[in-house]
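First up is the structure itself, then whatever we jot down about it.
The values are calculated or read from the model by the stated rules, or taken from the named source; none is laboratory data. Everything quoted here is computed from the prediction, not taken from an experiment. Ideal geometry is used to build each Cβ from the backbone, glycine not excepted, and the neighbour counts take in all protein chains shown. Note: areas computed on protein heavy atoms with side chains; ligands, DNA, RNA excluded. Shrake-Rupley method; radii C 1.70, N 1.55, O 1.52, S 1.80 Å.
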Amino acid sequence: MTITSKRDVSLVIPVYNEEKNLPVLYQELIAAADTLRGSYEIIFVDDGSTDGSFPALREIQAGDPRVKIIRLRKNFGQTAALSAGFDRARGGIIITLDADLQNDPADVPLLVAKIEEGYDIVSGWRIRRKDKFVSRRLPSKVANAIISKVTKVKLHDYGCTLKAFRRDVVKHIKLYGEMHRFIPAIASTMGIAIAEVPVNHRRRVHGKSKYNLSKSIRVVLDLLTVKFLLSYSTRPLQIFGLFGLIAGFIGGIMGGILSYQRLILKQSIANRPLLLLSVLLIVIGIQFITMGLLGEIMVRTYHESVEKPIYVIRDVIDSDSDEKI
Ligand code: UDP
Ligand code: MG
């Protein structure tokens, strides 16, 4: 079975020590995916599991040519695992979901239908989330509010892995850190349509959650990066330069006043703390502007080295070629 058409689906599933969940997950997956119109492939990314997950996957894969396994050399984290899956996915629609059975594969056709309606990203929204309140649901509520505010892409549930993407959307996105959750926000810069659908969420039965509160801190730091990349990545001088000009201007005025007092009024300024502040502000100002200029150079190098275009095409309509993006 070949996966080529825009309608075909690639299911990408990061797996880290989920041995007991895999057989059930596989059964539920094929039951749901068999109802789809196009053909599909299931890509399990074994993110350096140390339990029996890999043999379990091999067993599943041996009996089904639609199943692919990507085995990472060590535990690189969920984002890296998803990224590895994206790189090898061939379907026009990519669905991601957790391997721990908390996401319900029965929701997959719902997401696909939404993509076929014309949306580029469909995000699951776990309306009745079955996780601990203090350590998981509360921080996640706060995080969703902050991320929505900062990125201006309003979603109720950034953390839900059950999402569907049009392939050409993820193709343009490079992921680092804990950034898979920010794909909708990052992709929003390309001008895309995002939908949200309520999905089922279940309690984890086998295995342990890999995350705790410390993840929230990493997510906040990643949000900072994402915000910066979203707003200023193509014009760093605009932000650094502005700080620099403000600091330099205030420092300059203070310095001017002090110079006037010293040179014209012949007052001593050696005991004036303002002198220190003025010098500090001028130096900071110069440094910010230099940093902005360096940023400009790096941005250019970056865009050219990765051939990252400053625009993204949806379709090319040209009767001479039938090339599709
Ligand atoms: N996972 C992974 N690599 C990791 C941590 C997690 O591939 O380093 C996978 C894990 O197997 C699961 C999904 O990512 O399929 C979500 O993990 P988990 O259920 O622990 O997160 P939670 O649902 O508690 O947020
Ligand atoms: Mg889970």
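Taking 7 Å steps out from each Cα toward its Cβ at S259 and E304 produces label points 3.8 nm apart.
Taking the Cα centre of each part, how many Å lie between the range 117-162 and the range 225-258? So the separation of the two Cα centres works out to 33 Å.
Accessible surface computed residue by residue for the chain, with neighbouring protein chains in place and a 1.4 Å probe, gives 56 Å² per residue.
What does the C-alpha gyration tensor say about the overall shape of the range 113-229? Classify as rounded when a/c is under 1.5, otherwise prolate if a/b is larger than b/c, or oblate. It comes out oblate by the Cα gyration axes. Once you list every other residue whose beta carbon is under 9 Å from the beta carbon of D157, what net charge do they have if Lys and Arg are +1 and Asp and Glu are -1? Local charge sum for D157: +1.
Hey, how many Å between the Cα centroid of the range 29-60 and the Cα centroid of the range 79-109? For the range 29-60 versus the range 79-109, the Cα centre distance is 10 Å. Each Lys and Arg contributes +1 and each Asp and Glu -1, all at the Cβ; summed about the Cα centre of the chain, the dipole is approximately 1520 debye. Placing unit charges on the Cβ atoms of the charged side chains and taking the dipole of the range 115-251 about its Cα centre, the candidate lying farthest along the positive direction among L237, H206, V219 is H206.
Summarise the accessible area of the chain (1.4 Å probe, protein heavy atoms) by the percent that is carbon and sulfur.
61
Amide H contacts under 5 Å for V199: W125, R126, I127, restricted to partners 5 or more places along the chain or on a different chain, H placed in the peptide plane at 1.01 Å from N.
For the range 25-39, list residues with backbone N below 11 Å from a point placed 7 Å from the Cα of R202 toward its Cβ? The answer is 25-29, whose backbone nitrogens lie closer than 11 Å to the label point.
Listed by chain and number, the lysines whose alpha-carbon sits under 21 Å from that of K68, ignoring those within fewer than 8 places in the same chain, are K6, K20, K163, K171.
Sorting the segments 121-133, 266-278 by their mean number of nearby beta carbons within 10 angstrom, highest to lowest, gives 121-133, 266-278. Protection proxy ranking of 14-21, 111-118, 82-89, 291-298, by the mean of other Cβ atoms within 10 Å over each peptide's residues and highest first, is 14-21, 82-89, 111-118, 291-298. Going 7 Å from the Cα of R73 toward and past its Cβ, which residues in the range 20-60 have a backbone nitrogen under 15 Å from where you end up? Only 47-49 pass the distance filter. Between K130 and L280, the modelled label-to-label distance comes to 5.6 nm, taking each label 7 Å out from Cα in the direction of the beta carbon. How much net charge surrounds G255 when only the other residues with a Cβ under 14 Å from the Cβ of G255 are counted, with Lys and Arg +1 and Asp and Glu -1? Residues near G255 contribute +2 overall. When the Cα positions of C160, I284, S53 are compared along the charge dipole of the chain, I284 comes out farthest toward the positive end, with charges on each C-beta of Lys, Arg, Asp and Glu.
So if each residue of separation counts as 0.36 nm, and I subtract the Cα-Cα distance between S148 and Y211, what length gain in nm does that give?
20.5 nm
Maximal additional length on extending the K227-A62 stretch stands at 55.0 nm, based on 0.36 nm per residue less the C-alpha distance. Take each uninterrupted DSSP H stretch in the chain, measure its Cα extent along the helix axis, and return the ones at 15 Å or beyond whose mean Kyte-Doolittle hydropathy is at least -0.5. Long hydrophobic helices here: 22-33, 78-88, 138-151, 213-232, 236-263, 273-305.
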